[in-house]
1. Going by what's in this entry, would residue A:440 be described as of a type outside the set (D, E, K, R), within 11 Å of RNA strand B (Cβ to nearest atom), in a helix (DSSP H, G or I) and closer than 26 Å to residue A:47 by Cα?
2. Considering only residues that are farther than 22 Å from residue A:291 by Cα and either more than 11 Å from RNA strand B (Cβ to nearest atom) or touching a residue at least 24 places away in the same chain (Cβ under 8 Å) (or both), which ones fall in the range A:194-221?
3. Among (1) farther than 30 Å from residue A:18 by Cα; (2) surrounded by fewer than 16 Cβ atoms within 10 Å (Cβ to Cβ); (3) touching a Lys or Arg at 6+ places or on another chain (Cβ under 8 Å), which single condition is residue A:274 missing?
4. Going through the range A:359-409 one residue at a time, which ones are touching an Asp or Glu at 6+ places or on another chain (Cβ under 6 Å) and among the β-branched types (Val, Ile, Thr)?
5. Among the residues of the range A:454-471, which ones are assigned to a loop (DSSP other than H, G, I, E, B) and within 16 Å of RNA strand B (Cβ to nearest atom)?
6. Out of all the residues in the range A:317-325, is one or more part of a strand (DSSP E or B) and either farther than 30 Å from residue A:201 by Cβ or touching a helix residue (DSSP H, G or I) at 6+ places or on another chain (Cβ under 6 Å) (or both)?
7. For residue A:417, work out the one condition from (1) at pLDDT below 95; (2) part of a helix (DSSP H, G or I); (3) within 15 Å of RNA strand B (Cβ to nearest atom) it doesn't fulfil.
Amino acid sequence: MTKVEEIIELAKRRGFFWQAFSIYGGQSGFLNYAPLGVLLKDNVIGIWKRNLLRHGAIFLDSPNVTPEEVFKASGHLDRFSDIAARCRKCGNKFKAESLLKEKGLIPKTSEEARELLMANRIKCPVCGSVQWDSYDFNVMFKIQTVDGSNLYLRPETAQGIFTDFKLLLNFNRGKLPMITAQLGKGFRNEISPRQGLIRMREFNMGEVEAFLDSNRVNFPVFPSDNMIRLVPNSSEETDLKLSEAVKNSMMGHDHAFFMDVAVDVLKDVGLTGSSVRLRQHRKEELAHYANDCWDAEADIDGEWIEVIGIADRGNYDLTRHQQFSGENLEVTDDGRSFTPSVIEPAFGIDRICFAILVNSYRKRENGYKYLSLHPDIAPYHCVFLPLQNKDGLDALAESIFSEMKKRDPRVGIDQSGSIGKRYARQDEIGTPFCVTIDYQSLEDRTVTIRERDSTGQKRIRIDDILALTVEEGKNPFSALYS
RNA sequence: GCGAGAGUAGUGUAGUGGUUAUCACUGGAGCUUCCCAAGCUCUAAACCCGGGUUCGAAUCCCGGCUCUCGCACCA
């Protein structure tokens, strides 16, 4: 088994994620988060949300189902709908538009495309046949109401924010810059969804739209000014602080600010160092709405995978929605009217979760596996283990457990099997600390705390555990082993 | 979507026309001289779905679904 296969095997066996609808054979492109995966994902989302709140973000939650007009305005309807041409002989599929481009022909319908392909004896690039079928292909899932209105499942959550821009700005008392964010699902009818959590038809995204005045610096102070590997599209890759990259004119200041925020989030979930980089899109790679885009990529077993896209959308979306809706979406500031620009960091929650699993997977010399998860994002913070299930050890463990779970619900207790088996079980799901109640505990109210990565142990007082203060998103037990 | 391969307990697997369907790990109950998956006993759990061939199909054929790899796709 390859490393990734081993991780997927562990993730299925221990309950991080499962194939969706598996009793009916499964459905390609859809996965279930299993019990531990849900906890991990919640922690990732919590880190995303707290980082944004820290910068004054406001949040929105808009519908998945979106009317056609919105995607006409956003450009997704045109750019997502293609006429596909299928060679009758070899079955290969192409964009009809690109096959007909050299003849200067632009088909309006799939029927017209087929006629043009046949009439001009366009050859299949693979087998040379001139026999074609054609059909409409849309990457957006189309649905209909009973009265026949066309609706789509959104391919990105961003449009919900753009269409509520005036309300959000009013809520923000008219002030720019304004950071808005939405956690939600996106849907894309991928032709061949693959690689588990990497390419799904329904996926979790945490999108941020920062509205700003492009004539000035909107976010002067970087939160961390992280040092990061940068891969620009026109020069050599280099390690730089983001402030230095801005000085070198590699990107705009406000764009770099959100790259810094993105790197902070990755740092908080435990993705750091050489496993993360920022790569600039090539011109031809840019989405229709983007002026510039840098992807935060994570190393997933030797392959760089986009986990966050930080796009400069300019004023494209607001300008388009102003045109199509007739609403005035300009902002007046200092007597000057303008359409705000947008920087959009879009976080791929599922990919971040998968990158976390892959990058935390370790093997000990004896072959036993463990997940070296950051203590703050592990599904369980600490698990209590009575060395024996008798002699009062079990009762003492249960009393500590029931006291602690009132304050930190991310604790567990495990009384089944040998102690080594229980340590191994917790190692596999990435529990960073195990507290073992042994015979000495009965005499002096001390216990041992074991750290997952080193397997080292310290003896601590039960009262010090009970005195821990719990802070949202933090593992309080880290304070006991330092 | 195309081509090739593959789908057997939760996981990984054995099984080339007739088996009570193999083994291991995991899970559960218990014993145990008890701090790193020890040992022992017991136990739960599977042939992807639908057709066909056959006296008889996990096994052969067809279709569907899913997975893997390559191609294409990835706004």
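1. no
2. A:196, A:197, A:198, A:199, A:200, A:201, A:202, A:203, A:204, A:221
3. Going through the list (1) farther than 30 Å from residue A:18 by Cα; (2) surrounded by fewer than 16 Cβ atoms within 10 Å (Cβ to Cβ); (3) touching a Lys or Arg at 6+ places or on another chain (Cβ under 8 Å), residue A:274 breaks only (1).
4. A:383
5. Selection gives A:454, A:455, A:456.
6. Scanning the range A:317-325, I find no residue that is part of a strand (DSSP E or B) and either farther than 30 Å from residue A:201 by Cβ or touching a helix residue (DSSP H, G or I) at 6+ places or on another chain (Cβ under 6 Å) (or both), so the answer is no.
7. Every condition holds for residue A:417 apart from (2).
Each row is one residue, and each column tells you yes or no for (1) touching a strand residue (DSSP E or B) at 6+ places or on another chain (Cβ under 9 Å); (2) of a type outside the set (A, V, I, L, M, F, W, C); (3) closer than 17 Å to residue A:40 by Cα.
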{"site": "A:385", "(1), (2), (3)": "yes, no, no"}
{"site": "A:397", "(1), (2), (3)": "yes, no, no"}
{"site": "A:400", "(1), (2), (3)": "yes, no, no"}
{"site": "A:415", "(1), (2), (3)": "yes, yes, no"}
{"site": "A:433", "(1), (2), (3)": "yes, no, yes"}
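The values are calculated or read from the model by the stated rules, or taken from the named source; none is laboratory data. Quantities reported herein were computed from a predicted structural model and do not represent experimental measurements. Because the Cβ atoms are built from the backbone with ideal geometry, glycine has one as well, and the counts that use them run over all protein chains shown.
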